[in-house]
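Take a look at the structure below.
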Amino acid sequence: MKKLILGIETSCDETALAVLKASGGLRAPRFNISKALVSSQIPIHRPFGGVVPMLAKREHLKNLPILFRKLGGEKIMRNVDMIAATVGPGLEPALWTGINFAKELGKKFKKPLVGVNHLEGHLYSFLLPKKSTPHSLLTTHYTKMFPAIALIVSGGHTILLRMKNLTTWKKLGETRDDAVGEAFDKVARILELPYPGGPEIEKLASRGNPTAINFPRPMAHDTSPAGEYDFSFSGLKTAVLYYLRDNPRTRRADIAACFEQAAVDVLLLKTVRAAKSASAHSIMLSGGVAANQHLRDALKKEVEKLGLRFLVADMRYNTDNAVMIAAAGYIDLLARRSQGAGGRKKKYPLTANGALNI
Ligand code: KG4
Ligand code: ZN
């Protein structure tokens, strides 16, 4: 099967459109990126210290037609076979702008629509072509890749999955409070750094000493069945807040470095624990926080020590984009076809609030 897919992403503060050439089956999907555009709203939200949903909606409404024209406009729609749009989870007013845009295009150009779970977009981002390996990895390594452990770390989620294959997984654990990206953003606010905090903390941390302060590693040693793969980052954020209150002269770079180290340590520990228990062949890392070089390097080192494969997208496809949404739309189409008219049955949905119907 070969499809040209238009991807649409508007779940948060990035308006993104992409055209992706997809081919192959579930054992060897191949992707080729024709065009990828992202319009970031960061400067709009920065004065508010976080994303303002109604402003995000306004910006998406303004940017979608602009990006569509840049992408090739109506001309490109002649060749597009399918439209894939994020349906959740995300900010509802923002999501609807993309969904309605997809619906209008679908109606006007008579193209089928597929709704994509944003987290599946992140999950599948490792399949996208890389500078170093421009074609799909699955072609040659499928049997070696599964079972796998997937760690999804974004601004809204921190999830560990055990993957039996590309489309069958079990959720092992998730955060019980703040997502790790959210903790980066909140600690950045405490340190009076601008939004989004993740990249700012990373920059500052690179000048700090990661052993200067021993922040807690929440739930790291919880090995009970209920908690061994769950996370909790809100206590870590509070520990940073109290430490700074009690030690106001501490170097900000040391605080950033020690916070980052504590967050990375917990993510690593639980992911490696899951990989050992599942006898995994590979570990997949995705989501906005996967853009953190310290996390990428540390996890890669651990994974290679275990003799497993480390799978992560090129840097620009870790934060929100529409290429991953188009890719997830294609995988969903393949999965639904392979499971017949009854549609794709997912035993373990990624989130409870992921479904808005297109
Ligand atoms: O996946 P994403 O772009 O949007 C969501 O689906 O939430 O993730 C955004 C999150 C934000 O919390 C941001 O601070 C964090 O990813 N992030 C980072 C880095 N780049 C983005 N966190 C740590 N280090 C980074 N370099
Ligand atoms: Zn995201």
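The values are calculated or read from the model by the stated rules, or taken from the named source; none is laboratory data. Every value quoted in this text rests on a predicted model; they were computed, and no experiment measured them. Here the Cβ positions follow ideal geometry from the backbone for every residue, glycine too, while neighbour counts run over all protein chains shown. These area figures cover heavy atoms from the full protein model, side chains too; ligands, DNA and RNA do not enter into them. Shrake-Rupley method; radii C 1.70, N 1.55, O 1.52, S 1.80 Å.
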Worksheet item: So which of Gly72, Gly106, Gly88, Gly98 ends up being over 22 Å from Ala313 (Cα atoms) and in contact with a Ser or Thr (Cβ under 8 Å, 6 or more places away or on another chain)?
Response: Gly98
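Each row is one residue, and each column tells you yes or no for (1) open to solvent by 50 Å² or more (accessible area, probe 1.4 Å); (2) closer than 21 Å to Thr158 by Cα; (3) modelled with pLDDT under 95; (4) not in a loop (DSSP other than H, G, I, E, B).
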{"position": "Ile255", "(1), (2), (3), (4)": "no, no, no, yes"}
{"position": "Phe259", "(1), (2), (3), (4)": "no, yes, no, yes"}
{"position": "Leu268", "(1), (2), (3), (4)": "no, yes, no, yes"}
{"position": "Val303", "(1), (2), (3), (4)": "no, yes, no, yes"}
{"position": "Asn321", "(1), (2), (3), (4)": "no, yes, no, no"}
{"position": "Ala328", "(1), (2), (3), (4)": "no, yes, no, yes"}
{"position": "Ala341", "(1), (2), (3), (4)": "yes, no, yes, no"}
{"position": "Lys346", "(1), (2), (3), (4)": "yes, yes, yes, no"}
Worksheet item: Does Leu166 satisfy the condition of being assigned by TED's automatic domain parsing to the domain that holds Arg245, modelled with pLDDT under 95 and surrounded by fewer than 22 Cβ atoms within 10 Å (Cβ to Cβ)?
Response: yes
Worksheet item: Can Lys131 be described as more than 14 Å from ligand 1 (Cβ to nearest atom) and modelled with pLDDT of 90 or more?
Response: no
Worksheet entry | Filter pass, Leu241 being in the same structural domain as Ala179 (by TED's automatic domain parsing), of a type in the set (A, V, I, L, M, F, W, C) and surrounded by 17 or more Cβ atoms within 10 Å (Cβ to Cβ) | no
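Let's see how each residue does on (1) within 16 Å of ligand 2 (Cβ to nearest atom); (2) surrounded by 17 or more Cβ atoms within 10 Å (Cβ to Cβ); (3) basic (Lys, Arg); (4) part of a loop (DSSP other than H, G, I, E, B):
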| position | (1), (2), (3), (4) |
| --- | --- |
| Ala18 | yes, yes, no, no |
| Arg27 | no, no, yes, yes |
| Val38 | yes, yes, no, no |
| Pro43 | no, no, no, no |
| Val51 | yes, yes, no, yes |
| Lys62 | no, no, yes, no |
| Phe68 | no, yes, no, no |
| Glu74 | no, no, no, no |
Discussion item. Which numbered condition in (1) part of a loop (DSSP other than H, G, I, E, B); (2) closer than 24 Å to Thr175 by Cα is the only one that Arg207 fails?
Written reply: (2)
Worksheet, complete the sentence: Val116: passes all of (1) part of a helix (DSSP H, G or I); (2) open to solvent by less than 20 Å² (accessible area, probe 1.4 Å); (3) within 14 Å of ligand 1 (Cβ to nearest atom) but (1)
Item to complete: Please specify each residue of segment 1-20 satisfying the condition of being over 12 Å from Ala36 (Cα atoms) and within 15 Å of ligand 1 (Cβ to nearest atom).
Response: Thr10, Ser11, Cys12, Asp13, Glu14
Item to complete: Filter segment 102-113 down to the residues that are within 14 Å of Gly329 (Cα to Cα) and in a loop (DSSP other than H, G, I, E, B), then identify the one that is modelled with the highest pLDDT.
Response: Lys111
Practice prompt. Restrict the check to segment 192-202 and report whether at least one residue is within 16 Å of ligand 2 (Cβ to nearest atom), of a type in the set (Phe, Trp, Tyr), open to solvent by 20 Å² or more (accessible area, probe 1.4 Å) and under 23 Å from Gly121 (Cβ atoms).
Written response: yes
Worksheet item: For segment 302-320, which residues satisfy the criterion of being free of Cβ contacts under 8 Å to residues at least 60 places away in the same chain and away from ligand 2 (no atom under 16 Å from the Cβ)?
Response: Glu302, Val303, Glu304, Lys305, Leu306, Gly307, Leu308, Phe310
Practice prompt. State which residue is farthest from ligand 1 (Cβ to nearest atom) when the search covers only segment 275-303 and only residues that are touching a helix residue (DSSP H, G or I) at 6+ places or on another chain (Cβ under 9 Å) and of a type in the set (Ser, Thr, Tyr).
Written response: Ser282
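Just for segment 169-191: of the residues that are hydrophobic (A, V, I, L, M, F, W, C) and within 13 Å of ligand 2 (Cβ to nearest atom), which one is surrounded by the fewest Cβ atoms within 10 Å (Cβ to Cβ)?
Checking each candidate, the answer is Ala179.
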Practice prompt. Report whether or not Ala183 is more than 22 Å from Ser224 (Cβ to Cβ), of a type in the set (A, V, I, L, M) and touching a Ser or Thr at 6+ places or on another chain (Cβ under 8 Å).
Written response: yes
Worksheet item: Out of (1) within 16 Å of ligand 2 (Cβ to nearest atom); (2) not assigned by TED's automatic domain parsing to the domain that holds Thr168, the odd one out for Met284 is which?
Response: (2)
Discussion item. Looking only at segment 79-92, count every residue that is touching a helix residue (DSSP H, G or I) at 6+ places or on another chain (Cβ under 8 Å) and open to solvent by 40 Å² or more (accessible area, probe 1.4 Å) and tell me the total.
Written reply: 3
Response to the item:
Here the residues within segment 160-194 that are within 21 Å of Ile149 (Cβ to Cβ) and out of contact with any helix residue (DSSP H, G or I) (no Cβ under 8 Å at 6 or more places or on another chain) are Met163, Lys164, Asn165, Thr168, Trp169, Lys170, Lys171, Glu174, Thr175, Arg176, Ala179
